[in-house]
Amino acid sequence: MSAQDELAKKLDAFDPNLFPAEARETLSQMLREDVRARVRAVNRRDAEAWARVKSRADWESLCGPRIEALRRSLGIFPPAPERVNAQMTGAVEGDGFRIENVVYESREGVFVTANLYLQSPSRDRMPAILIVHSHHNPKTQDELQDMGMLWARQGCAVLVMDQFGHGERRGHAPGPRQDYRFRYVTGVQLHVIGDSLMGWMAWDVLRGVDLLLGREGVDRERVVLMGAVAGGGDPAAVTAALDPRIACAVPFNFGGPQPETVYPLPDDAEETFNYMGGGSWESTRNLRLSGRDGFLPWAIVASIAPRGLIYAHEFNWDRRRDPVWRRLQKVFGFYEAADRLAFTHGAGLLSGRPPEATHCNNIGEVHRKMIHPALKRWLDIDIPEQEDQQRRPAEELASMTPEWREKHRPRPLHELFGEIGVSRAAAARAALADLATDARRAWLRRAWGALLGEVEPQKDPTPKPYGTQHAGEVRIERIALEVEPNIVVPVLLMLPGDTTSPVVVALSQDGKGRFLSERSGPIAELLASGVAVCLPDVRGTGETRPDSPRGRQSEATSISSTELMLGQTLLGSRLRDLRSVLRYLRTRRDVGTRVALWGDSFAPTNPPGFADPLMDGDEQPDPSEPLGGLLALFGALYEEAVCAVVARGTLAGYQALLGDRFCYVPHDAVVPGALTAGDLCDVAAALAPRPLRLEGLVDGRNCPVPEREIQRFFEPARQAYRAAAERLSLASTASEGIAGWLIQALRDR
């Protein structure tokens, strides 16, 4: 056995951990505690700002900029159409009502299916009610039919639309809660192009308001927007905040205590209530930048004042202790409009069972009984004497008839997202085209920095040694870097001798331990050639990884979503950690100025052309883990001292997330607005002429990208490397020889 092979064997058996198991359990909560502390800081700032509000002018000075920030956060809206393109495709006659099956175009190529309930015979000056359904079921659900027929018989025009990706707008196979689960994928894809699921949902609702107001006989002064429990109240509240045409809003479970909130509230709820909320995989609740820019849910709901507001809760409501209710009362008092504020609620708890717990699918009869008096007072909508049911089969309420589909041929949403992404990336590329090399890199740093969040280290890291061991001639140091208060980056630094050495910093989502065991051979080759190797666990990886599985509903997704609310990305924070590690290495005399970055992934890929199962089924495809390669590329963009880059198993680009309706990319790898700054190919192009090796790249479904497609994706990089083509390596499969390539690249510097 050669000395190098013997070293590789020793490295493979080496314990990479700095901390004992008990300490690692604490470290697994590091990210969670960090975001919780920052959420508490947001709530403190919000409370301080609210305490300064003493008048209507104070309130409007506070609220106005927050709602404008909300509008900006939702994405890039197209111009509103002068007239909504709509078509009635069928009608159903009932006892005192008529249902028109409608399709309207909310933006080019985006079609919304809806049922419009009208009194039969119809009358003039009809109040209009638009109902945003829950994430449970589409427009044909029983409670939605009940409400449409009920208020139509009371003389209203009632529009019930299929929400994005639900019902007839579904682009995926039907199955248990598949529409709901696909909201996550759609949200990820919309983030990539610089938009949001909430923004597109609100835009659909706004155009639904246009449709109603364009209807002859509808009273423009009496428009009601209702948002059902479980995901309907969120877009209803946001839309009402944006659109002054809404005369009354009824957003369920948004702004204050949620069904999951402890009941009753504690006596100190004013100080302890989480006004900001926290991130999760449910895309509509994670309003990006809401914590940073202050448009917290309560403020969105309060901004509806002095228009009518029915503060709505599915279950029990602790009116006496609810701090948001007190804030709403104060805001409506500024306008002398206390009589325009009402409430409705149910009974029991989320964990309970009917009839004690008033579970409903959208808005239940028990909740409607408390809504009727307010609608009568404010909008003169008659209170029905009784509710009867004349529910129709879903087939009768279908809007997209075969004839309509044949004529319009609606396209899959991911294709529309892809076209928008291409257009926005091309606009960024055009802005780069005439810039000199240094100016191009500066432009990209600014653009990506605005998307990633804070990427500059806050201070010099504080190192704490955790012992030194030897593997033959190699000295291995265990070091904990405190890069920020309460944020620790465990590091293994392997030094081949007593001389000053160039260094390779190696990164992966799985952390230093997995990197060492999977790549012990190449690491031994580097060390045997006099190259130092640094293996850091950037936050949330390796020893600081949250102690739960990764995936859509994981703690990692919750933390990443909360970061977006706070104005940061987890990828940006990890890039900051990497830069702190590089800053530390520059302080050492035994590490030279020649630095290379090697990002790798050990996640298995999916075979091309595999059949996508139902989400959350028994057998799920493997997700990608592109972090290592992303950090290597962005690290080199921001750090001029990096003289070579290897990225293996990472994304071929953020555009690759839009090639299919399915997407198996972890939430913490997503950068909202990525395609407004170009794409990874533009980052790669900015590294020219530094040696760059990209291989084994994957698409959004975590399938290997063919060679032809890689060449196409990275055309900007190929153009940038024309004068140094030998320094750019693009390959569809991972290959041997990484260590030799890095050694040569470091020598060529």
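Laboratory data are not the source of any read-out in this text; all were calculated from the coordinates shown. Because the structure is predicted, anything quoted here is derived from the model rather than measured. Cβ coordinates were reconstructed from backbone atoms using ideal geometry, including for glycine residues, and neighbour counts include every protein chain displayed.
What is the diffusion coefficient of the range 98-159 in µm²/s, taking the Kirkwood radius over Cα pairs and the Stokes-Einstein relation at 10 °C with a viscosity of 1.306 mPa s?
After rounding, the answer is 130 µm²/s.
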Cα gyration tensor category, rounded, prolate or oblate, for the range 1-158 with a/c compared to 1.5: prolate
Proxy reagent accessibility, fewest Cβ within 10 Å first, across C156, C360, C534: C360, C534, C156
Rg to Rh, two decimals, where the range 327-413 supplies the alpha carbon set and Rh follows Kirkwood: 1.15
Cα-based equivalent ellipsoid of the range 464-536: semi-axis lengths in Å, sorted from largest, via gyration tensor: 21, 15, 10
Packing-based ranking, highest mean first, of 182-189, 494-501 given that Cβ atoms within 10 Å are counted: 182-189, 494-501
GluC sites (Glu not before Pro) within the range 1-105, DSSP loop, no more than 16 other Cβ atoms inside 10 Å: E82
Anisotropy class of the range 144-285 from Cα gyration tensor, a/c 1.5 cut: oblate
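Quick check: from the Cα gyration tensor, does the range 478-633 come out rounded (a/c under 1.5), prolate or oblate?
It comes out oblate by the Cα gyration axes.
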Within the chain, helix-based [θ] at 222 nm, where runs of 4 or more DSSP H residues each add -39,500 (n - 2.57), nearest 500: -11500 deg cm²/dmol
Cβ-based net charge around I193, under 10 Å, with every Lys or Arg adding one and every Asp or Glu removing one: -1
Antiparallel content of DSSP bridges confined to the range 65-409, in %, to 5: 50 percent
The range 295-355 - Rg over Rh from alpha carbon coordinates, Kirkwood radius: 1.04
Residue order, fewest to most surrounding Cβ atoms within 10 angstrom, among D46, D618, D460: D618, D460, D46
Quarter of Cα convex hull surface for the range 686-736, i.e. mean projection, nm²: 3.7 nm²
A426 paired with E93, simple spin-label distance in nm, labels 7 Å along Cα-to-beta-carbon: 5.2 nm
Derived scalar couplings ³J(HN,Hα) [the range 699-715; Karplus, 6.51 cos²θ - 1.76 cosθ + 1.60; whole Hz; x for Gly, Pro]: 9, x, 8, 6, 9, x, 8, x, 3, 4, 5, 4, 4, 5, 4, 9, 4
Sequence-distant lysines (8 or more away, or on other chains) whose Cα lies within less than 17 Å of K10: K512
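Report the convex hull volume per residue for the range 348-502, counting only C-alpha atoms, in Å³.
In the range 348-502, the Cα hull volume divided by residue count equals 448 Å³.
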Cα radius of gyration and Dmax for the range 65-409 (Å): 19.0, 61
Kyte-Doolittle mean at least -1.0 and Cα axial length at least 18 Å: DSSP H helices in the chain: 30-51, 56-73, 178-193, 197-213, 365-379, 413-433, 437-452, 570-585
Karplus (6.51, -1.76, 1.60) ³J(HN,Hα), θ = phi - 60°, over the range 282-292, in Hz, Gly and Pro reported as x: 6, 4, 6, 7, 9, 6, 4, 6, 4, x, 5
Extension reserve of the R391-Q258 stretch, reckoned as 0.36 nm per residue once the Cα distance is removed: 44.9 nm
Extension gain, M370 back to S351 (0.36 nm per residue minus Cα-Cα distance, nm): 4.5 nm
Neighbour cut-off at most 11 other Cβ (10 Å), DSSP loop, trypsin sites (Lys or Arg not before Pro), the range 438-486: K459
Distance between modelled label sites at Q469 and R446, nm, 7 Å Cα→Cβ extension: 4.9 nm
Model label zone, A37; criterion: amide N under 15 Å from point 7 Å along Cα-to-beta-carbon; scope the range 482-504: 482-489
Rg and Dmax of the range 605-749, Cα atoms only, in Å: 15.5, 51
Alpha-carbon radius of gyration plus Dmax, which is the widest Cα pair, for the chain in Å: 28.3, 93
Relative exposure of D5, D95, judged by other C-beta atoms within 10 Å (fewest first): D95, D5
Sparse-neighbour loop sites [trypsin sites (Lys or Arg not before Pro); the range 1-105; at most 16 other C-beta within 10 Å; DSSP]: R52, K54, R83
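In a shell of Cβ-Cβ distance under 9 Å around T557, excluding T557 itself, what net charge do Lys and Arg (+1) and Asp and Glu (-1) give?
Values: positive: R550, R552; negative: E555, D668.
That works out to 0.
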